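What follows is a short report on a single structure.
The values are calculated or read from the model by the stated rules, or taken from the named source; none is laboratory data. From a predicted model like this one, the values you see are computed outputs, not experimental measurements. Note that each Cβ is placed from the backbone with ideal geometry, even for glycine, and that neighbours are counted across all protein chains shown. Side chains are part of the model used for accessible areas, which takes the heavy atoms of the whole protein and leaves out ligands, DNA and RNA. Shrake-Rupley method; radii C 1.70, N 1.55, O 1.52, S 1.80 Å.
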Amino acid sequence: MTDNKQNREPILELKNLKKSFGENHVLNGFNLRLYEGENLVVMGKSGSGKSVMIKCLVGLMQADQGSIRIKSHDITVLGQTELDILRTQIGFLFQGSALYDSMTVRENLEFPLRRHKAKLHITESNETLVMEALENVGLTNAIDLMPAELSGGMKRRVALARALILKPKIILYDEPTTGLDPITSKEIINLMRTVQQKYNTSSLIITHDVDCARVIANRIILLVDGINYKEGSFEDLMGSEDPKVKAFFKT
């Protein structure tokens with residue numbers, strides 16, 4: 001994607017983010033900008049700080065230093081009530097899907113509606129919203145199944161439907177293809193693209209899956225040594241002679 005981003009305000013921005021655990025400096029001044037309608041991929045090896053970064057981003061973990069701005073709000077200075085309201089504007093596809101095992105698919109999707117629908121002034125019925133979300137992921141026939149009755153790919157689709165049900169402008173994907181076979185991974189990646197095109201969502205995708213990055217990314221940031229080490233399109237990074245960059249794209 002080659003549009004003139006420097007003249008646009010990011011919908012999400014991390015600046016000089018630092019986080020340490022004792023002597024282990026996981027994030028050392030990490031920076032990131034996500035723009036409206038963009039699919040931004042962050043790649044890093046295991047233990048590089050990807051999960052720490054995303055936990056800081058949604059307020060599940062407190063950064064030691066730096067700012068996190070979502071739609072011009074600095075979440076590091078927000079109170080709990082303000083933070084909860086802001087979180088309703090962010091969809092989160094957890095690694096492993098994180099469905100409630102004791103709830104049906106319908107009940108899993110109704111859960112965020114029961115908590116947030118009134119404060120967001122959503123007027124559609126729960127049934128309408130649940131069916132729309134399941135239609136988006138092609139799973140209306142699974143509405144009354146339990147998570148134990150779903151395949152791994154179906155669980156990931158239901159989790160995406162739940163992330164979409166409040167119609168957020170930002171979606172965070174944490175390793176969306178982990179644990180899936182190649183065919184199902186491709187289906188999930190194509191579904192992510194469809195969602196982005198239909199709703200013009202801004203997506204931040206945490207992954208180590210090179211095929212996922214190749215298909216989905218408008219832009220890629222490599223997280224190395226706690227910083228945004230290199231940034232560019234898939235083609236830019238794939239052609240790099242930098243050994244640390246080449247290590248991500250070995251086949």
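Note on the range 183-251: along the principal axes its Cα atoms extend 37, 25, 19 Å, ordered by decreasing extent.
Beta bridges per DSSP, both residues in the chain: antiparallel share near 55 percent. Within the range 1-107, the proportion of C-alpha pairs whose separation exceeds 21 Å stands at 44%.
Entry comment: accessible area of the range 120-211 is 43 Å² per residue, from protein heavy atoms only and a probe of 1.4 Å. The orientation-averaged projected area of the convex hull spanned by the Cα atoms of the chain comes to 14.2 nm². Using the Stokes-Einstein relation with a Kirkwood hydrodynamic radius computed over Cα pairs, the translational diffusion coefficient of the range 111-159 at 10 °C and a viscosity of 1.306 mPa s comes to 134 µm²/s.
Only protein atoms count toward the accessible area here, which uses a 1.4 Å probe; on the chain, the carbon and sulfur part of that area reaches 49 percent. Taking a sphere under 12 Å around the Cβ of D101 and counting the other residues whose Cβ falls inside, with K and R at +1 and D and E at -1, yields a net charge of -1. For the chain, the 222 nm mean residue ellipticity estimated from helices alone, with every DSSP H stretch of n ≥ 4 adding -39500 (n - 2.57) and the total spread over all residues, rounds to -10000 deg cm²/dmol.
Straight-line cross-link reach from K230 at under 22 Å between alpha-carbon atoms covers these lysines, not counting any fewer than eight positions away in the same chain: K5, K15, K18, K19, K45, K50, K55, K244, K246, K250. If you count Lys pairs in the range 105-212 whose Cα atoms are under 22 Å apart, skipping same-chain pairs closer than 8 places in sequence, the total is 11.
Relative contact order of the range 10-79: 39 percent, from C-alpha pairs under 8 Å at least 6 residues apart in sequence.
Could you give the distance between the Cα centres of the range 2-68 and the range 157-236, to the whole Å? So the two Cα centres are separated by 15 Å. In percent, rounded to a whole number, the relative contact order of the chain is 27, using alpha-carbon pairs under 8 Å and six or more apart. For every other residue with a beta carbon closer than 12 angstrom to the beta carbon of E127, add +1 if it is Lys or Arg and -1 if Asp or Glu, then tell me the sum. Residues close to E127 contribute a combined charge of -2.
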